Amino acid sequence: MLPIIFVLPMIQLLVLSFAVDYEIKHIKLFFVDQDKSQFSGLLYNQFEASQYFIINDFSNSLAEAKESMQRGDCDQILVIPHGFEQDLYRDGTTDIQVIMNAIDGTKAGLSSSYATNIIMDFNRSLIVDFGMQSSLTATPEYQQIEMDYSYWYNPELNYQAYMVPGILVLLVTMIGGFLSSMNIVREKELGTIDQIHVTPIKKHYFIFGKTLPFWMVGMVEFGLGLLLAKLVFDIPMVGSIFTLFAFAGTYLLVVLGLGLLISTITETQQQAMFISWFFLVIFILLGGLFTAVENMPEWAQQITRLNPVRYFIEVNRMVLLKGAGFKDVASHFIVMSIFILLINSLAIFRYKKGS
Amino acid sequence: MQTRQPMPNEYSIDVQNLTKKFGAFTAVNEISFNTKKGEIFGFLGANGAGKSTAMKMLCGLLVPSSGQATVASFDINKESEKVKKRIGYMSQKFSLYQDLTARENIRFFGGIYGLSNKQIKEKTDELMERLHLTDFANTQVGDLPLGWKQKLAFSVAVFHGPEIVFLDEPTGGVDPVTRREFWEMIYATAKLGTTIFVTTHYMDESEYCDRVSIMVDGRIEALGSPKELKAKYHVKSMDELFLQLARPETVKIF
């Protein structure tokens with residue numbers, strides 16, 4: 001079992017970190033050209049040159065395009081209407097239609113802004129190359145001010161640098177919370193707990209003995225994960241590793257306390273598993289790993305204040321990427337300490353030797 | 001081991017009107033009995049008669065609803081932790097750690113009872129030899145045959161030299177030869193002055209006890225030596241006696 005405890009999370013870290021990527025590339029575009037003009041050809045070329053789009057079908061029939069989207073063969077349809085070039089020459093303005101599969105709202109939003117950018121570029125090139133005063137209404141007005149972005153703390157916008165510190169937290173949480181809650185309940189199932197309860201062992205020794213191994217496993221797991229993060233993903237480690245480990249150690253006490261609490265209110269491993277899952281799913285989804293906490297509705301943001309995972313993910317990112325020191329994350333330490341006190345005293349209160 | 005107020009007629013277990021209620025259900029109904037030092041006391045009763053509940057109260061696993069009891073002259077209501085230091089317990093569910101070896105189990109439980117490493121080491125070697133387990137001392141307990149496990153569990157239960165050892169159906173599912181060996185171990189332990197408190201469903205085993213009590217519906221219906229009881233109820237065997245007393249309960253169930 002011990003090798004499994006160490007190997008599986010590492011595999012998870014590798015697979016998840018490589019797989020999770022918010023950037024949307026290779027949007028499948030159905031290009032409907034009803035104009036077949038020089039301009040529509042130009043626009044086609046611009047889309048084809050973009051790394052975000054793959055033009056996977058081309059036709060002059062909108063009906064065909066709609067069918068293709070229905071089948072799921074394309075994500076986006078661009079319709080160049082008949083008279084596109086003519087209207088541009090004559091009026092300096094015309095409409096084109098962009099249809100998106102918006103089942104995945106984030107993806108639809110992003111691909112629409114990619115498309116807008118390309119059309120803006122096309123607009124600009126019309127002005128430059130043809131001296132036209134054109135404006136395609138699908139684009140905002142051409143602006144004179146150009147923005148130059150500089151991305152701090154993660155200059156290459158590397159998603160792995162963002163994800164890996166977060167995924168690490170999940171692994172440590174799983175080991176700490178799951179295994180520890182299973183552990184005592186398992187003794188209840190086997191009946192060895194009765195044997196323990198008739199001995200004069202002190203309550204705190206028993207609890208200590210039950211949690212210490214998982215604390216150590218969690219810390220080793222965290223260390224291994226950091227090592228992988230450095231070696232495989234080359235995650236920047238700007239801040240103090242010591243602060244990180246100190247926080248991991250503190251955080252584990254919260255999770256272990258929760259595991260202990262769960263084991264005191266359940267009788268079987270199945271029940272413990274179910275409750276652990278309940279918390280784990282909430283912790284993960286409201287932890288700021290997949291959805292940034294700032295993007296959540298106000299009430300959900302309030303809930304995340306009770307989520308230890310959120311704090312650990314924040315600290316990991318702050319320390320690793322921003323180089324935060326102990327002082328910067330002191331408030332996080334304080335919150336963790338309050339959690340430790342609350343959860344563990346509740347667990348110890350609930351856990352009675354005998355019944 | 002303990003020297004608190006040694007009275008001339010001190011009982012190792014002394015129970016007065018002990019009662020346990022779960023809601024409206026009375027599992028143990030005002031039972032009273034006592035055991036002497038070194039006595040083998042058989043605690044009999046049909047399933048559901050309240051044996052396990054009574055035993056759990058004596059071991060400090062359950063808090064009594066009312067009544068008094070002292071075990072090793074400590075009050076189970078107020079001094080259950082002190083009681084625990086002086087008793088051994090082996091439950092019907094086999095209760096050593098299956099994924100530890102025999103030696104590790106002994107070291108673990110020995111440690112809990114405060115034995116020193118040196119004591120544990122010496123006594124372990126001696127015990128392994130006595131149980132003919134020397135070759136298997138480093139085998140996981142889960143891989144040992146049931147009879148060996150039970151003998152080992154008993155040895156672990158008396159390892160720290162308790163004044164009373166509670167055995168909850170210790171020979172369940174064990175072959176007759178091993179059962180006899182098991183009872184030899186019980187006799188040897190009783191001879192050293194340890195009180196044996198044992199529950200069993202094997203009526204032949206109850207004949208080996210110095211005294212037995214038979215529980216029916218949470219009450220003790222009969223109490224005495226097997227010989228006395230057989231004479232009193234005019235029966236030839238404990239089996240017959242048990243059927244006679246426990247029958248009302250059985251009829252109700254079916």
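The values are calculated or read from the model by the stated rules, or taken from the named source; none is laboratory data. It should be emphasised that the depicted structure is a prediction, and the values quoted were computed from it without experimental measurement. For neighbour counting, all protein chains shown are included, and Cβ atoms are generated from backbone atoms with ideal geometry for every residue, glycine included. The protein model used for the area step is the full one, side chains on, heavy atoms only, and it has no ligands, DNA or RNA in it. Shrake-Rupley method; radii C 1.70, N 1.55, O 1.52, S 1.80 Å.
Pairs exceeding 18 Å between alpha-carbon atoms, taken from B:K37/B:K191; B:K85/B:K118; A:K188/B:K56; A:K202/B:K84: B:K85/B:K118.
Across peptide B:113-119, the average count of Cβ atoms from other chains found within 10 Å of a residue's Cβ is 1.
Each Cα pair under 8 Å and six or more residues apart adds its separation to the average, and for chain A the resulting relative contact order is 17 percent. Accessible area ranking (1.4 Å probe, heavy atoms, ligands and nucleic acids excluded), largest first, for B:F41, A:F279: A:F279, B:F41.
Leaving ligands and nucleic acids out of the surface, order B:K36, B:K191 by accessible area at 1.4 Å, largest first.
Working: B:K36 105, B:K191 180 Å².
Most to least solvent-accessible, the answer reads B:K191, B:K36.
Shape analysis of the stretch A:156-350 yields a ratio of the Cα radius of gyration to the Kirkwood radius, Rg/Rh, of 1.00.
Calculate how steeply helix A:330-350 sits against the longest principal axis of the alpha-carbon atoms of chain A, using the helix alpha-carbon long axis, and give the answer as 0 to 90 degrees to the nearest 10. The helix A:330-350 is inclined about 50 degrees to chain A. Shielding by partners for peptide A:187-195, expressed as the average number of C-beta atoms from other protein chains within 10 Å of each residue's C-beta, is 5. Which lysines, on any chain, are close to B:K149 with Cα under 16 Å apart, when same-chain ones fewer than 8 places away are left out? Straight-distance partners of B:K149: B:K93. Amide H contacts for B:V28 (H built 1.01 Å from N in the peptide plane; partners 5 or more residues away or on another chain; cut-off under 5 Å): B:K20.
For a straight C-alpha distance cut-off of 18 angstrom, the lysines reachable from A:K28 (same-chain residues fewer than eight places away being disregarded) are A:K66, A:K107. Shielding value for B:76-89 is 2, the average number of Cβ atoms from other chains within 10 Å of each residue's Cβ.
Between A:K327 and B:A188, what is the FRET efficiency for a Förster distance of 60 Å, r being their Cβ-Cβ separation, to the nearest 0.05?
0.35
In this Cβ point-charge picture (+1 for Lys and Arg, -1 for Asp and Glu), the protein assembly as shown has a dipole of about 3740 debye about its Cα centre. Heavy atoms of the protein chains alone define the surface here; on that basis chain A has 52 Å² accessible area per residue at 1.4 Å probe size. Taking all protein chains as shown and a probe of 1.4 angstrom, B:E205 keeps an accessible surface of around 0 Å². Beyond 42 Å, the tail of the calculated P(r) for the protein assembly as shown holds 49 percent of the Cα pairs.
The candidates A:W215, B:W183, A:W299, arranged from most to least accessible area with a 1.4 Å probe in the full protein assembly, appear as A:W299, A:W215, B:W183.
Taking springs between alpha-carbon atoms closer than 10 angstrom, which of B:Y208, B:Y11, B:Y233 fluctuates most in the Gaussian network model of chain B? Between B:Y208, B:Y11, B:Y233, it is B:Y233 that shows the largest mean-square fluctuation.
Rounded to whole numbers, the Karplus 3J(HN,Hα) couplings from phi for the stretch B:233-240 are 9, 6, 10, 8, 9, 5, 4, 4 Hz, using 6.51 cos²θ - 1.76 cosθ + 1.60 with θ = phi - 60°, and x at Gly and Pro.
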